[in-house]
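The block underneath contains the structure these notes are about, expressed in structure tokens.
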Amino acid sequence: MPGDELTVIDGGVGAKNAVLKTLTMTGFKSFVGRTHLEFAPGITAIIGPNGSGKSNIADAIRWALGENNARVLRAKKNEELIFAGSETRRGLGMAEAVLQLDNSSGRLPIDYREIEVGRRLYKNGEAEYLVNRSRVRLRDLQDVLAGAHLADNPFVVIGQGLVDQVLALRRSDRRTVIEEAAGTRRLHLRREDAL
């Protein structure tokens, strides 16, 4: 209607947040060259035609956060995450995705206002996990991200069709989904590992 203005609704006012600031990809799936995306506060929409790589951006975020299941990333095996080549470009030997997070709220348990987390995969199968450009173990990366429920949480990045799948679940199956989204499932699994 004329005169209506867009208003910003602040969710969770006063709650600590770890905010995604940037994503940089090199050699990840269809992103051959270095691709740098900046995310403004609020909602970011990525629009493009079919086959332009929109879903690959979500996959890169999920992968940088430690996702190890290639099928979740729409690949049969991890090597498929590395740009394989095309008619005009040679394939690459490495894929990389790096997220820059604003931690000024202190939600992540690390004494930095900005944190970079990332991942590299080489064609020979070797993988590197990064926190502030230093190599760490996957477990270390997950421990840093766990404070903000960014590790082992399939609901950090919601892919195509997931909302429909959750709504179609039986009541008994929804409990597991709710526990995973709330971050308590990770604690249950960690307890089982300790026992």
Subset of segment 27-44, residues in contact with a Phe, Trp or Tyr (Cβ under 9 Å, 6 or more places away or on another chain) and part of a strand (DSSP E or B), comes to PHE28, PHE31, THR35
Which condition number does ARG107 fail, the rest of (1) touching a residue at least 12 places away in the same chain (Cβ under 8 Å); (2) assigned to a loop (DSSP other than H, G, I, E, B); (3) within 16 Å of the chain's Cα centre (by Cα) being met? (3)
If you go through segment 45-64 one residue at a time, how many are surrounded by 11 or more Cβ atoms within 10 Å (Cβ to Cβ) and part of a loop (DSSP other than H, G, I, E, B)? 3
Answer with yes or no whether ALA75 is in contact with a Lys or Arg (Cβ under 6 Å, 6 or more places away or on another chain), under 16 Å from ASN56 (Cα atoms) and in a loop (DSSP other than H, G, I, E, B). no
Every residue in segment 20-36 that is over 15 Å from the mean Cα position of the chain (by Cα) and of a type in the set (Ser, Thr, Tyr), please. THR26, SER30, THR35
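Residues are listed down the side, and each one gets a yes or a no for (1) surrounded by fewer than 16 Cβ atoms within 10 Å (Cβ to Cβ); (2) modelled with pLDDT of 75 or more; (3) among the small types (Gly, Ala, Ser); (4) at positive phi:
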| position | (1), (2), (3), (4) |
| --- | --- |
| VAL156 | no, no, no, no |
| VAL163 | yes, no, no, no |
| SER172 | yes, yes, yes, no |
| ARG185 | no, no, no, no |
Single condition GLU67 does not satisfy, out of (1) open to solvent by less than 60 Å² (accessible area, probe 1.4 Å); (2) acidic (Asp, Glu); (3) in contact (Cβ under 8 Å) with a residue 24 or more places away in the chain: (3)
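Considering only segment 78-96, state which residues are among the polar types (S, T, N, Q) and part of a strand (DSSP E or B).
none
The values are calculated or read from the model by the stated rules, or taken from the named source; none is laboratory data. Keep in mind the model is a prediction, meaning the values are calculated, not measured. Methodologically, a virtual Cβ is constructed for each residue, glycine included, from the backbone with ideal geometry; neighbour enumeration extends over all protein chains shown. The area values use the complete protein model at the heavy-atom level, side chains included, leaving out ligands, DNA and RNA. Shrake-Rupley method; radii C 1.70, N 1.55, O 1.52, S 1.80 Å.
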